[in-house]
Structures are given as structure tokens and as C-alpha cells.
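The values are calculated or read from the model by the stated rules, or taken from the named source; none is laboratory data. Keep in mind the model is a prediction, meaning the values are calculated, not measured. Reconstructed Cβ throughout: ideal geometry from the backbone, glycine too, with neighbour counts over all protein chains shown. When the accessible area is computed, the model is the full protein with side chains, heavy atoms only, and any ligands, DNA or RNA have been set aside. Shrake-Rupley method; radii C 1.70, N 1.55, O 1.52, S 1.80 Å.
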Amino acid sequence: MKNRIREFRTQRNMTQDALARAAGVRRETIVFLEQGKYNPSLELAHDVAVALGQTVDSLFLF
């Protein structure tokens, strides 16, 4: 699944570690999400979206 996590994260000058802490996951999870190697649960997608100040629809391209 394609996503815009890296784009929004860099716009906010956040590190992967900072986003991971804000979303309550490990940094590796953010790495895999950004690389498209991991499809998140709805809860995780929501938590990442909230941490980035975005909606789930704006982050993930279905």
C-alpha cells in the first residue's frame, strides 16, 4: 500500500523516532510503513495520522 507518511513527517521536521513515540510504536514500524512493507491496522493508521495532524485518507493511497 502506498502512503505519504514520509512526506508529511518531513514537512513537520519529525524524525522517524519522534513519530514512532507519538504513535506508540517502535521506529522500525515507521520504517516499514514508509517503505510500504507493512500494512497497518486501522488503529495504527489512525494513531499515525493523528500524530501527523492528518487524516487516514490523506496518508494512505488505496
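If you check ASP57 against the conditions, is it in contact with a helix residue (DSSP H, G or I) (Cβ under 8 Å, 6 or more places away or on another chain) and in a helix (DSSP H, G or I)? Show your work before the answer.
On the way: in contact with a helix residue (DSSP H, G or I) (Cβ under 8 Å, 6 or more places away or on another chain): no; in a helix (DSSP H, G or I): yes.
Spelling it out, it is not the case that ASP57 is in contact with a helix residue (DSSP H, G or I) (Cβ under 8 Å, 6 or more places away or on another chain) and in a helix (DSSP H, G or I).
Pull up the range 12-29, narrow it to residues that are without any contact (Cβ under 8 Å) to a residue 12 or more places away in the chain and over 13 Å from ALA51 (Cα atoms), then point me to the one that is most open to solvent (accessible area, probe 1.4 Å).
ARG26
Which ones in the range 30-49 are within 17 Å of ARG12 (Cα to Cα) and free of Cβ contacts under 8 Å to residues at least 12 places away in the same chain? Full working, then the answer.
At the first step, the residues of the range 30-49 found to be within 17 Å of ARG12 (Cα to Cα) are 30-31, 34, 47-49.
The one that is within 17 Å of ARG12 (Cα to Cα) and free of Cβ contacts under 8 Å to residues at least 12 places away in the same chain: ALA49.
Does the range 30-53 hold any residues that are over 15 Å from LYS2 (Cα atoms) and open to solvent by less than 60 Å² (accessible area, probe 1.4 Å), and which are they?
LEU44, ASP47, ALA51, LEU52, GLY53
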